[in-house]
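Presented below is the structure to which this report refers.
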Amino acid sequence: MFLHDVFPPEFIKVDLEAEDKDEAFEELVDHFCQADRSNAREEILQALREREAKMSTGIHKGIAIPHGKTNAVEMVRGVLGVSRNGLDYDALDGEPVHLLFMIVAPQKDSEKHLRILKRLAELLENPQFYTDLQSQKDAQGAYKVICKYEDVLIALD
């Protein structure tokens with residue numbers, strides 16, 4: 001499974017309005033439910049909050065990867081959120097978060113879930129990926145950035 005499958009344009013939201021982690025979760029999940037035509041809002045929020053209670057997913061300078069597993073979804077899917085102003089996330093480094101890669105997966109898809117997290121971590125090692133994503137004005141532009149960097153990564157494998 002590829003990141004461009006997990007984060008297609010309709011699952012990308014630039015200009016997040018949230019100011020903190022809880023608001024971001026709600027905004028990302030609302031976007032997910034609208035794009036996926038899902039009514040699993042509460043189950044997804046619960047899965048994200050349960051995972052976040054273990055340790056902050058604000059793991060890299062300016063980046064958070066909130067994720068969780070719930071049988072309320074049928075496949076691994078995510079929402080990329082871009083915050084222009086940054087938001088208070090209780091990140092491990094204490095810095096505001098600008099890019100949020102929310103990932104939800106069914107309970108049975110642990111392997112796919114982990115592969116997606118690994119691929120994302122590999123892309124995030126390139127600081128230009130972060131810069132290019134943050135500068136996008138719309139979902140289509142952000143999607144093209146994901147595809148571009150993922151294609152380079154795949155070519156190196």
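Every number here is computed from the coordinates shown, using simple stated rules; none is lab data. Keep in mind it's a predicted model, so treat the numbers as computed, not measured. Using ideal geometry, Cβ is built from the backbone for each residue, glycine included, and neighbour counts are taken over all protein chains shown.
Checking every one of the trypsin sites (Lys or Arg not before Pro) in segment 64-157 against DSSP loop status and a limit of 14 other Cβ atoms within 10 Å picks out Lys137. Grab the other residues whose beta carbon is less than 14 angstrom from that of Leu92, score K and R as +1, D and E as -1, and report the net. The answer is -2.
The rule of thumb for compact globular proteins, 2.2 N^0.38 Å, goes into the C-alpha radius of gyration of segment 115-157 1.11 times.
With contributions of -39500 (n - 2.57) from each DSSP H run of at least four residues, the per-residue ellipticity at 222 nm computed over the chain stands at -15000 deg cm²/dmol. Length gained on full extension, Ser56 to Ser110, computed as 0.36 nm times the residue gap minus the Cα-Cα distance: 17.5 nm.
Considering the values [x] 0.92; [y] 0.99; [z] 1.03, which represents Rg/Rh (Cα atoms, Kirkwood Rh) as calculated for the structure under consideration? Checked against the structure: label [x]. Using the Cβ of Arg77 as centre and a radius below 10 Å, the other residues enclosed give a net charge of -3, where K and R count +1 and D and E count -1.
Projected onto planes of every orientation and averaged, the convex hull of the alpha-carbon atoms in segment 51-116 covers 4.5 nm². Please work out the Kirkwood hydrodynamic radius for segment 9-102, using every pair of different C-alpha atoms, and report it in angstroms with one decimal place. 13.0 Å is the Kirkwood radius here. Straight-line reach from Lys13: taking Cα to Cα under 16 Å and skipping same-chain neighbours fewer than 8 places apart, the aspartates and glutamates in range are Asp5, Glu23, Glu26, Glu27, Asp30, Asp36, Asp132, Asp138.
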